[in-house]
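The values are calculated or read from the model by the stated rules, or taken from the named source; none is laboratory data. Given the structure is predicted, the values throughout are model-derived calculations rather than measurements. Here the Cβ positions follow ideal geometry from the backbone for every residue, glycine too, while neighbour counts run over all protein chains shown. What goes into the accessible areas is simple: the full protein's heavy atoms, side chains included, and nothing from ligands, DNA or RNA. Shrake-Rupley method; radii C 1.70, N 1.55, O 1.52, S 1.80 Å.
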There are 2 protein chains.
Amino acid sequence: MSAICDFSAEELRQLERELDASYQSWRARNLKLDMSRGKPAASQLDLCNGALAELKTTRTASGADARNYGILDGLPEMREYFGKLLGLDPANITIGGNSSLNLMYDLLVQLVLFGTAGQKPWGKLDKVKFLAPAPGYDRHFAITEKLGFEMILIDMTPTGPDMDQVEKLVAADPAIKGIWCVPLYSNPQGICYSDETVARLGKMKCAAPDFRIFWDNAYGVHHLDGETALADIFASCNAGGNPDRAYYFFSTSKITFPGAGVSLVATSAANKKELLARLTIETIGYDKLNQLRTLQFLPTPEALKAHMKKLAAEIKPKFDLVLGVLEKEFSGTGLLSWTVPQGGYFIAVDTLDGCAKATVELAADAGVKLTGAGAAFPYHRDPRDRNIRLAPTYPTLDELQQAIRLFCVCAKLAGVRKLLTSK
Amino acid sequence: MSAICDFSAEELRQLERELDASYQSWRARNLKLDMSRGKPAASQLDLCNGALAELKTTRTASGADARNYGILDGLPEMREYFGKLLGLDPANITIGGNSSLNLMYDLLVQLVLFGTAGQKPWGKLDKVKFLAPAPGYDRHFAITEKLGFEMILIDMTPTGPDMDQVEKLVAADPAIKGIWCVPLYSNPQGICYSDETVARLGKMKCAAPDFRIFWDNAYGVHHLDGETALADIFASCNAGGNPDRAYYFFSTSKITFPGAGVSLVATSAANKKELLARLTIETIGYDKLNQLRTLQFLPTPEALKAHMKKLAAEIKPKFDLVLGVLEKEFSGTGLLSWTVPQGGYFIAVDTLDGCAKATVELAADAGVKLTGAGAAFPYHRDPRDRNIRLAPTYPTLDELQQAIRLFCVCAKLAGVRKLLTSK
């Protein structure tokens, strides 16, 4: 296809008429499709129904009765399991409830109210700033916004956050207390942090002695093609002389069932001690029967990985479909660029500057709900209004085919109209 | 038995020798028993094993897929179920995770960080005070201590907190922001709040416009003998023109499994709106499959009540045993008084002033772990050092028989020694 960006005004007007006709015919079909969230499809959840089975034993490996109170940091066998799966020290793991997002919120609240490492509680400071590599995960940014932190946008690069920006900022400003990271198959671009990025995060000089990395490895085992390796953030922090810098989060929400899985936070011994001192106040403990249920369904890390392959077989055709249509419709047009993730849940596209909102609105008016434009940026403000997150997992293949074809019409229409305004 | 308090010094010395001999023979038996926490016994948990069954359906009543994200305030059928069970408006209920204690902590943190009803966040105030009717629940007090609130001890009466004290304090001091209440079968005394107490709590004038009642109805269906009625705290608050005053907590932790049940918070529409605005930031939602599991095991409020009768049949003989031994050993001695609860999990005893710590230490030295003396008071300080919480549910009947007989020897020995010091 020719580069639409180079069209004459007349060619653009002609194309706009064609696209508008196409768009109107799509509108007439009264679609009602939702591509807004990274939700598993029913067919994917069906592969997890083994987790609904009767729980055969309520004894832990050491013989404790998991039906009763106790064991605040999680069953030892569950900690060992995740340790093996993720290359973490089981002693540093604390098993949480059904939501790793809640562990993150809860931990940030701890830092606000009580502080860490003998430093002032963040809530007692005039200002707290947090680095927000973007495009990123909207719910991360919602937490730091709710807590009143000032978010500083960091550009994403193909190897992770722009580390030159990060290093410069954290070295200069003690009010910068942390950074959000989704290091593998980032939401929404599917970017994997390079070894160099991980090393630099661990060793960079921070003006704040209690600077913390929120390492949300949400897609740590969600490979679509082979396995992308992720460097060990704790090794990096230790090598840099910053053993308490990282909190590492993970959950089975997109391994078994969203909202009914098991989460974890791993961190240094000193940080875990602080964490447990708070947890023992704020809860009687997390659901140990659900830990046993998870172990019964996927008894070994190997079983979990085999299960993830089955899920990938469900998901990959959806990614391929979207990527195939984007390639066919936009290659060479200059109207759209996109990422080709090797795992995770999303594909991120960039329209021409100033066209993301218009595209999302056009799609919504024609019955296809996309993630809101700007959602992947702090305060929902995409400085160039160009990023859109596509979430291909929830619709069926048929639905997805329709949704993505409509999306293409909308993105082109918005792009052509934009080009016309500058002619 | 004669009133030991009236014994002569010589009689007391003789009795001390006998008790000490008895104590030494108990010590020689090397018991290792735990009566420290309100934990269900294995035999009681066995009655709940139906909750371990395969989950037959993951569809909600309205046809939604409970395996996936969404439905932040809980399944409508679960809210209706608890509404019927507890006489609450389902619209005002939010279903939580496995821990109602965590809902309380979380809500207090909300008040500290964000405030309520347009008032200043509590964390921005110089001082926050909280009323702590005591003896009370140690983990309530641990939360308000952790958050840095100043706790004010309120005496308990047979009809609930001393409302004369409460009314006077809250009317005068705007720093007093709330009160802890376990209104039915209070922990540890088993006291039930009278209708008058509930009415006065709802209508009392508070200097703080954002004064809040933390109404932890932990034992709302945990009757041992018939059913004790509890007045409607929301009706009282509404009648008093204070519709937003109460947060009502409940959980199935001691109905099915501790740590694997379902919790709830009920509150006014305005409060629930604030609550959900925070929850939507801090979690992706609570475990809906566990809600369905609860409904599958105990499909109706009537089924739940029938189940509670079975649990009571397990627990009541333990209460009867303890009460029988206390009656036999202490009636008329003047050394010990105790409550006779009609439900809940505890029996509270008062030794002579200054004898609780000594009694608990003697028991511990002989291998029986009791709840720490003072645990039921703010900052673990029992002003008269007399209150001990007995938790009869966890040991078997045989173990309990031994533990309570040893307890009697310890309490007598401590009492007699105390009397001797004043002779």
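To the nearest 20 Debye, how big is the dipole of segment B:27-156 about its Cα centre, given +1 on the beta carbon of each Lys and Arg and -1 on that of each Asp and Glu?
Values: 16 positive and 14 negative charges, 92 e Å.
Charge dipole, segment B:27-156, about its Cα centre: 440 debye, nearest 20.
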Subject >> For chain A, size of Cβ-based charge dipole, Lys and Arg +1, Asp and Glu -1, in debye >> reply: 700 debye
Original post:
Mean separation of Cα pairs under 8 Å and 6+ residues apart, divided by the residue count of chain A: what relative contact order is that in percent?
Top reply: 26 percent
Original post:
So how long is each side of segment B:125-227 along the principal axes, counting just the alpha-carbon atoms, biggest first, in Å?
Top reply: 46, 28, 19
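Roughly speaking, what % of Cα-Cα pairs in segment A:183-239 are separated by over 16 Å, rounded to a whole number? Please report the intermediate quantities before stating the final value.
Numbers: 724 of 1596 pairs.
Summing the P(r) of segment A:183-239 above 16 Å gives 45 percent of all pairs.
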Subject >> Angstrom value of the Kirkwood radius, inverse mean 1/r, which spans all Cα pairs in the protein assembly as shown >> reply: 29.5 Å
Original post:
So which helices of chain A fit the span-like rule, where a helix is a whole DSSP H run, its Cα atoms reach 27 Å or more along the axis, and its mean Kyte-Doolittle is at least -0.5?
Top reply: A:301-330, A:397-421
**OP:** Apply the Debye scattering formula to segment B:21-177, with a single equal point scatterer on each alpha-carbon and no solvent, then give log10 I(q)/I(0) at q = 0.09, 0.12, 0.13 Å⁻¹.
**Re:** -0.55, -0.88, -0.97
**OP:** Just reorder B:Leu169, B:Leu101 by solvent-accessible area, largest first, 1.4 Å probe, all chains present.
**Re:** B:Leu169, B:Leu101
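Kirkwood Rh, Cα Rg: Rg to Rh for segment B:108-159? If you can, show how the numbers build up before the last one.
Details: Rg = 12.5 Å, Rh = 12.0 Å.
Reported Rg/Rh (Cα atoms, Kirkwood Rh): 1.04.
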**OP:** Quick one: compute the contact order of segment B:163-275, relative version, from alpha carbon pairs under 8 angstrom and 6+ residues apart, as a percent.
**Re:** 25 percent
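Rounded to the nearest whole Å³, what is the per residue volume of the convex hull around the Cα atoms of segment A:289-406?
Output value, Cα hull per residue: 142 Å³.
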**OP:** Taking amide H positions as placed in the peptide plane 1.01 Å from N, state which residues far from A:Asp385 in sequence (5 or more) or on other chains have amide H under 5 Å from it.
**Re:** A:Gly354
Subject >> Convex hull volume per residue in cubic angstrom - Cα atoms of segment A:1-66 >> reply: 215 Å³
Original post:
For segment B:72-150, what size does the Cα cloud have along each of its three principal axes, sorted from largest down, in whole Å?
Top reply: 43, 33, 20
Subject >> Teacher prompt: A:Asp398 distances to equivalent labels in other copies, 7 Å Cα→Cβ, nm >> reply: 6.6
Original post:
Using θ = phi - 60° and the Karplus curve 6.51 cos²θ - 1.76 cosθ + 1.60, what whole-Hz ³J(HN,Hα) does each residue of segment A:52-68 get, with Gly and Pro shown as x?
Top reply: 8, 5, 4, 7, 7, 9, 10, 8, 7, 4, 8, x, 6, 8, 6, 6, 9
Original post:
Which chain A residue hugs the A-B rotation axis most tightly by its Cβ, and what is that distance in angstrom, to the nearest whole number?
Top reply: A:Glu54, 2
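Sort B:36-46, A:10-20, A:103-113 by packing, meaning the average of other beta carbons within 10 Å per residue, with the highest value first. Walk me through the intermediate numbers first.
Numbers: B:36-46: 18.4, A:10-20: 14.9, A:103-113: 22.7.
With the highest mean Cβ count within 10 Å placed first, the list reads A:103-113, B:36-46, A:10-20.
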Subject >> 7 Å along Cα→Cβ, label-point gaps from B:Ala117 to other copies, nm, shortest first >> reply: 4.2
Original post:
Using alpha carbons only, what's the Rg to Rh ratio of segment A:288-354 with Rh from Kirkwood?
Top reply: 1.22
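So if we plug the beta-carbon distance of A:Ala91 and B:Ser337 into 1/(1 + (r/R0)^6) with R0 = 41 Å, what FRET efficiency do we get, rounded to 0.05?
0.30
Mind checking the full-extension length gain between A:Arg59 and A:Ala172? Use 0.36 nm per residue of separation minus the Cα-Cα distance, one decimal, nm.
On the way: separation 113, 0.36 × 113 = 40.68 nm, distance 5.23 nm.
Here the segment from A:Arg59 to A:Ala172 would lengthen by 35.5 nm.
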Subject >> Calculated on alpha-carbon atoms, Rg and Dmax of chain B in Å >> reply: 22.9, 78
Original post:
Magnitude of the Cβ-charge dipole of the protein assembly as shown, K/R +1 and D/E -1, about the Cα centre, nearest 20 debye?
Top reply: 60 debye
**OP:** Kindly give the distances from A:Glu327 to its copy-mates, label point to label point, with each label point 7 Å from Cα along Cα→Cβ, as nm values to one decimal ordered shortest first.
**Re:** 8.4
Original post:
What distance in nm separates the simple spin-label points at A:Thr280 and B:Glu150, each placed 7 Å from Cα in the Cβ direction?
Top reply: 2.8 nm
Original post:
Ordering B:Lys32, A:Lys124 by how much accessible area each has at a 1.4 Å probe, largest first, what is the list?
Top reply: B:Lys32, A:Lys124
Original post:
Between A:Leu47 and A:Arg27, how many nm apart are label points set 7 Å from Cα along the C-beta direction?
Top reply: 3.9 nm
